[in-house]
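Student: What follows is a single structure, and I will ask about it in a moment.
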Amino acid sequence: VKVCGIAGSLRRTSYNRSLLQAAVQLAPERMSIAIFDRLGDVPLYNADVEARGDPEAVVALKNAIREADALLIATPEYNYGVPGVLKNAIDWASRPPSGSVLAGKPAALLGASPGRTGTARAQLALRQSFVFTQTPVLLGPEVLVGEAQKKFADDGTLSDEPTRKFVRGLLERLLAWVEAMPKR
Ligand SMILES: Cc1cc2nc3c(=O)[nH]c(=O)nc-3n(C[C@H](O)[C@H](O)[C@H](O)COP(=O)(O)O)c2cc1C
């Protein structure tokens, strides 16, 4: 099962990118996760630009999603919502609404934040957008990594063992779910 991983932060030492990198290491045998790390190249959505043709980074984003069997999205939480950088990428990927690369693409969510609620609200907001894009999202486990500063080592390694188990559990559920789906 090929998974496209996206972290919704441009920060070099982003907890969410580190969380995704931990997922790459923790992936079960029959799963491989490739991180799409070019959100910073995706311009702000503009229908006039879109009408002239997708910019190169948008083409790359759509291809990465199209070629994957599933998505794994690590979202930060900004002001109780999804950071603009990530929402903007999802907006591009959702176009055109009929036959978008997001339609029917299974997805799993996770997120890390220094706050105690560990991106719970951002993840719910993301689920709401995925209703419109017809992107089925795994119901659980909800991986909400709160107090992230205590869970990662200085080099970005996910050092907290219970959190590693949660991430591994999410990936196992995602794998079982995708493998049980009829081939598209
Ligand atoms: C504009 C802004 C708004 C934020 N709002 C929230 C929030 O609503 N909830 C929260 O838990 N953390 C919030 N934070 C803190 C982020 O969780 C923190 O910066 C985190 O490290 C971002 O994820 P990253 O490490 O992957 O870049 C906010 C940070 C910024 C810059």
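Student: Are any residues in region 114-167 within 14 Å of residue 21 (Cβ to Cβ) and not hydrophobic (A, V, I, L, M, F, W, C), and if so, which ones?
Tutor: Result: 151, 155, 156, 157, 159, 163, 164.
Student: In this structure, does residue 111 turn out to be of a type outside the set (S, T, N, Q), more than 20 Å from residue 143 (Cα to Cα) and within 16 Å of the ligand (Cβ to nearest atom)?
Tutor: Judged against the criteria, residue 111 is not a match.
Student: Also, quick follow-up: With in contact with a Phe, Trp or Tyr (Cβ under 7 Å, 6 or more places away or on another chain), over 23 Å from residue 160 (Cα atoms) and not aromatic (Phe, Trp, Tyr) as the only criterion, which of 61, 102, 86, 39 stands out?
Tutor: Residue meeting the stated conditions: 61.
Student: Would you tally the residues in region 38-73 being free of Cβ contacts under 8 Å to residues at least 40 places away in the same chain, surrounded by 11 or more Cβ atoms within 10 Å (Cβ to Cβ) and either over 18 Å from the mean Cα position of the chain (by Cα) or not in a helix (DSSP H, G or I) (or both)?
Tutor: 7
Student: In this structure, does residue 95 turn out to be over 19 Å from residue 10 (Cβ atoms), basic (Lys, Arg) and not in a helix (DSSP H, G or I)?
Tutor: In short, yes.
Student: Right, here's the next one. So residue 76 fits all but one of (1) within 18 Å of residue 174 (Cβ to Cβ); (2) touching a strand residue (DSSP E or B) at 6+ places or on another chain (Cβ under 7 Å); what number is the exception?
Tutor: (1)
Student: Now a separate question. Of the numbered conditions (1) within 9 Å of the ligand (Cβ to nearest atom); (2) in a loop (DSSP other than H, G, I, E, B); (3) of a type outside the set (D, E, K, R), residue 134 satisfies every one except a single condition; which is it?
Tutor: Here residue 134 clears every test but (1).
Student: In this structure, does residue 122 turn out to be closer than 18 Å to residue 143 by Cβ, in contact (Cβ under 8 Å) with a residue 24 or more places away in the chain, of a type outside the set (Asp, Glu) and within 16 Å of the ligand (Cβ to nearest atom)?
Tutor: Yes; evaluated as a whole, the condition is true for this residue.
Student: So, one more: In region 98-119, which residues are in contact (Cβ under 8 Å) with a residue 24 or more places away in the chain and either more than 17 Å from residue 36 (Cβ to Cβ) or over 13 Å from the mean Cα position of the chain (by Cα) (or both)?
Tutor: Residues satisfying the conditions are 100, 101, 103, 104, 112, 113, 114, 115, 116, 117, 118, 119.
Student: Could you tell me whether residue 101 is among the β-branched types (Val, Ile, Thr), outside any strand (DSSP E or B) and exposed (fewer than 15 other Cβ atoms within 10 Å of the Cβ)?
Tutor: No.
No lab work stands behind these numbers, since they all come straight from the coordinates. All figures in this text were calculated on a predicted structure; none of them were measured in a lab. Here Cβ is always computed from backbone atoms with ideal geometry, including for glycine, and neighbour counts include all displayed protein chains.
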